[in-house]
Amino acid sequence: MTNLHFTTPLAGLDPLRTFTLTPIDGTTGVYSLQSTDRPEIRFHVLDAALHAPTYKPALPDYDESKHTVLLIVTAKGDGLTVNLLAPVILNVQHYTAEQVILDDQSRYPLQAPLAELVPA
């Protein structure tokens, strides 16, 4: 478990800024992201480099050696979707994070089917 501080709150979750990032047992690159102030608020996120390797949006000040891109996962119908429009950028050196809202919703949908991103 790692404590993270969001430099700005996640969209819709102001004033929450402190979360724990916990690996999900039996998986690689899949985590639980849970508010420390309101533990009932929890998301699943995945490491984009491992689970959506073709996802390469232009991100401000992004450095692969310092940052990891996490995608928020949502259960929808009989499958899972990921939010490509608003990735979470994790600074692995300082354990800070921020959610970046991208401009191109036609290219980066809010609810992209995960199955379409996973390499065969």
Subject >> Check on residue 82, at negative phi and in contact with a His (Cβ under 6 Å, 6 or more places away or on another chain) >> reply: no
Subject >> Number of positions in the stretch 50-72 that are outside any loop (DSSP other than H, G, I, E, B), in contact with a strand residue (DSSP E or B) (Cβ under 7 Å, 6 or more places away or on another chain) and farther than 15 Å from residue 108 by Cβ >> reply: 2
Original post:
Quick one: what pairs do we get from the stretch 1-17, first residue surrounded by 11 or more Cβ atoms within 10 Å (Cβ to Cβ), second modelled with pLDDT of 90 or more and of a type in the set (Val, Ile, Thr), C-beta under 6 Å, 6+ apart or different chains?
Top reply: 5/18; 5/96; 7/96
**OP:** Select from the stretch 63-120 the residues that are of a type in the set (S, T, N, Q) and more than 15 Å from the chain's Cα centre (by Cα) and write down the one among them that is modelled with the highest pLDDT.
**Re:** 93
Subject >> Top-ranked residue of the stretch 71-101 - restricted to ones that are loosely packed, with under 15 Cβ neighbours inside 10 Å and aliphatic (A, V, I, L, M), ranked as farthest from residue 30 (Cα to Cα) >> reply: 101
Subject >> Subset of the stretch 39-70 that is of a type outside the set (Lys, Arg), loosely packed, with under 13 Cβ neighbours inside 10 Å and without any contact (Cβ under 8 Å) to a residue 40 or more places away in the chain - its residue that is nearest to residue 19 (Cα to Cα) >> reply: 39
Original post:
With (1) part of a loop (DSSP other than H, G, I, E, B); (2) surrounded by 11 or more Cβ atoms within 10 Å (Cβ to Cβ) as the list, and residue 25 as the residue in question, which single condition is left unmet?
Top reply: (2)
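The values are calculated or read from the model by the stated rules, or taken from the named source; none is laboratory data. This one's a predicted model, so the numbers in the text were calculated from it and none came from an experiment. Positions of Cβ are generated from backbone atoms using ideal geometry, with glycine treated the same way; all protein chains shown enter the neighbour counts.
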